[in-house]
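Trainee: Quick one: structure below, then a few questions.
The values are calculated or read from the model by the stated rules, or taken from the named source; none is laboratory data. All figures in this text were calculated on a predicted structure; none of them were measured in a lab. Cβ sites come from the backbone with ideal geometry, for glycine too, and all protein chains shown count toward neighbours. These accessible areas exclude ligands, DNA and RNA; they are computed on the full protein's heavy atoms, side chains included. Shrake-Rupley method; radii C 1.70, N 1.55, O 1.52, S 1.80 Å.
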Amino acid sequence: MGVARAVLLAASQNRWMRERAARFSFIRRSVRRFMPGETLDDALGAARELQARNRGTVLTQLGENVADAAEARQVVAHYLEVLRKIHAESAGTEISVKLTQLGLDLSPQLCEENLRRLLAAEIPGRTIWIDMEASPYVETTLELYRNVLAAFPTTGICLQAYLRRTQADIESLMPLKPSVRLVKGAYAEAPEILLKDKAAIDANYLALAQHLLRAQRKGAIVRAAFATHDAPLIRAICEFAQAESIANGDVEIQMLYGIQTGEQQRLVNGGWRCGVLIAYGTYWYPWFMRRLAERPANLWFLVKNLTGS
Ligand code: FDA
């Protein structure tokens, strides 16, 4: 792992820094590069604009590791309101949730109940995505996902290509016909559980993407979405799809709001399916630090906003 990435990921977990970051306007200005605003209305406004430009949209309220059941219930109430608003607009927008925001640290049972309340409020056939968090949560996240899939068969799960275990996890989910959003992975993890370097992670990502695309074509999984900003990797996925005669509209690439917008447009122009994940909320500090860690060059936004240039 690069030194800058390691330092930024360590800082993402620092409570002292989290509590102080929002006081600095230059940091808040930098965060705006990755999120349209802190409120649900800001996010819905951005979703409308993106949909008008043929992007799919996924909303996520920032927050993780809630400390009590009442807080988890508030998160559920918030997402129920989000679903109500999305359905009222008959928008294609989906939501993506973190299980630690629904109470996973308190108890898996409570978390599953909360998750089921959201899934029950979603229109059948639409997808609610479950984020994948740091490795200590992977096993329980998969278990909860398996528990809900029979009743809610279009629920989606995020899987991380940087983990050695992910290929086996995909195989074990296959009989349940999952929907998978494949990412590289965003957390600081022990080297033993990770693939050895970026080249190995990228190669694993492409191999898993090819496997998922073939499975989707056979109807063995419901849906595959490839969440990455990596342009060469996206090109390789698209080339594979074309070589396999998979229609462009059956290949879905997802990116984060504000990143690689040119690449998003190129995909839309080519008839590929392109989605944008829009994060909003006040609890942006750890999430923002992970975005800086992914591309330490993003630190320049902070510097520019600090100097006002
Ligand atoms: P990589 O990090 O190799 O970057 C490739 C190129 O993309 C870079 O060279 C740069 O040009 C561009 N790029 C990447 N990140 C950038 C950034 N922050 N700013 C500017 N340019 C950037 N992770 C996780 O562990 N659990 C999850 O549930 C999710 N969910 C999720 C949903 C969606 C829709 C996306 C797009 C991503 C996630 N992630 C995630 C994050 C994911 O694991 C990963 O950290 C980032 O996507 C960055 O990795 P890339 O695949 O983009 O490649």
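Trainee: I want to confirm something. Restricting to region 256-271 and keeping residues that are open to solvent by less than 30 Å² (accessible area, probe 1.4 Å) and more than 10 Å from the ligand (Cβ to nearest atom), which single residue is nearest to Asn54 (Cα to Cα)?
Mentor: The extreme case among them is Val268.
Trainee: Something else now. Residues Ile234, Ile253, Ile246: which one is away from the ligand (no atom under 11 Å from the Cβ), farther than 17 Å from Val31 by Cβ and either within 19 Å of the chain's Cα centre (by Cα) or not in a helix (DSSP H, G or I) (or both)? Break it down into steps so the answer makes sense when it comes.
Mentor: Numbers: Ile234 fails: away from the ligand (no atom under 11 Å from the Cβ); Ile253 fails: away from the ligand (no atom under 11 Å from the Cβ).
When all the criteria are applied, what remains is Ile246.
Trainee: For Tyr79, all conditions in the list (1) of a type in the set (Ser, Thr, Tyr); (2) surrounded by 15 or more Cβ atoms within 10 Å (Cβ to Cβ); (3) closer than 22 Å to Arg273 by Cα hold save one; what is the number of the exception?
Mentor: Condition (3) is where Tyr79 drops out.
Trainee: Out of Gly125, Gly103, which single residue is part of a loop (DSSP other than H, G, I, E, B) and open to solvent by 50 Å² or more (accessible area, probe 1.4 Å)?
Mentor: Details: Gly103 fails: open to solvent by 50 Å² or more (accessible area, probe 1.4 Å).
Matching residue, one of Gly125, Gly103: Gly125.
Trainee: For region 182-212, give me each residue that is touching a Lys or Arg at 6+ places or on another chain (Cβ under 7 Å), in a helix (DSSP H, G or I) and within 12 Å of the ligand (Cβ to nearest atom).
Mentor: Within region 182-212, Ile201, Tyr205 qualify.
Trainee: Within region 274-292, can you find the residues that are more than 8 Å from the ligand (Cβ to nearest atom) and either more than 12 Å from Thr60 (Cβ to Cβ) or touching a strand residue (DSSP E or B) at 6+ places or on another chain (Cβ under 9 Å) (or both)?
Mentor: Initial filter on region 274-292 (more than 8 Å from the ligand (Cβ to nearest atom)): 274, 278-289.
If the condition is that a residue be more than 8 Å from the ligand (Cβ to nearest atom) and either more than 12 Å from Thr60 (Cβ to Cβ) or touching a strand residue (DSSP E or B) at 6+ places or on another chain (Cβ under 9 Å) (or both), then Cys274, Ile278, Ala279, Tyr280, Gly281, Thr282, Tyr283, Tyr285, Pro286, Trp287, Phe288, Met289 are the ones that fit.
Trainee: Report, ordered by the first and then the second residue, all pairs with beta carbons closer than 7 Å, sequence separation of six or more or different chains, a first member in region 292-303 that is part of a helix (DSSP H, G or I), and a second member that is of a type in the set (D, E, K, R).
Mentor: The qualifying pairs are Ala293/Arg5; Pro296/Arg5; Asn298/Arg291; Phe301/Arg33.
Trainee: Can you pull out the residues in region 129-179 that are outside any helix (DSSP H, G or I), farther than 21 Å from Gln210 by Cβ, open to solvent by less than 10 Å² (accessible area, probe 1.4 Å) and more than 13 Å from the ligand (Cβ to nearest atom)?
Mentor: The answer is Thr155, and nothing else.
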